[in-house]
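Written below as structure tokens is the structure these notes are about.
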Amino acid sequence: MTITPKTLIHHCLIGLRAKIVQSSNSQYLNFEGKIIDETKNTLIFKINEKEKRIPKKNSVFKFYLTDTTIVEVNGKLLLGRPEERIKKKISYKWNN
């Protein structure tokens, strides 16, 4: 199934390129890289050949989809394991 802006939060995020645009920890701001793993509470980025573990809860991410679409998502919507998010009904407002 293709990842679209409306379905992004229900998919596994591994392999997507992303950027941290807001974070409670200013050291994480503007980190950009490929997501190589995902846990219940963190995304693990590969940035300059190093791994960085970024908490989902206090961050806002910008995801770059394969069709050049850019989607900004509050990390609170991403909490939980991918297999749990598929089953969860998450209500959020989508703006085109």
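One table, with the values for the structure above:
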read-out: Selected residue [in contact with a Lys or Arg (Cβ under 8 Å, 6 or more places away or on another chain), touching a residue at least 40 places away in the same chain (Cβ under 8 Å) and not in a strand (DSSP E or B)] from Lys40, Lys19; value: Lys40
read-out: Output for the range 43-66, where each listed residue is without any contact (Cβ under 8 Å) to a residue 40 or more places away in the chain and within 15 Å of Thr7 (Cα to Cα); value: none
read-out: Selected residue (criterion: surrounded by the most Cβ atoms within 10 Å (Cβ to Cβ)) from residues of the range 1-18 that are touching a strand residue (DSSP E or B) at 6+ places or on another chain (Cβ under 7 Å) and under 12 Å from Ile70 (Cα atoms); value: Ala18
read-out: Among (1) in contact with a Leu (Cβ under 8 Å, 6 or more places away or on another chain); (2) modelled with pLDDT of 90 or more - the single one Leu8 does not satisfy; value: (2)
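The values are calculated or read from the model by the stated rules, or taken from the named source; none is laboratory data. Every value quoted in this text rests on a predicted model; they were computed, and no experiment measured them. Neighbour counts run over all protein chains shown; Cβ positions are idealised from the backbone, glycine included.
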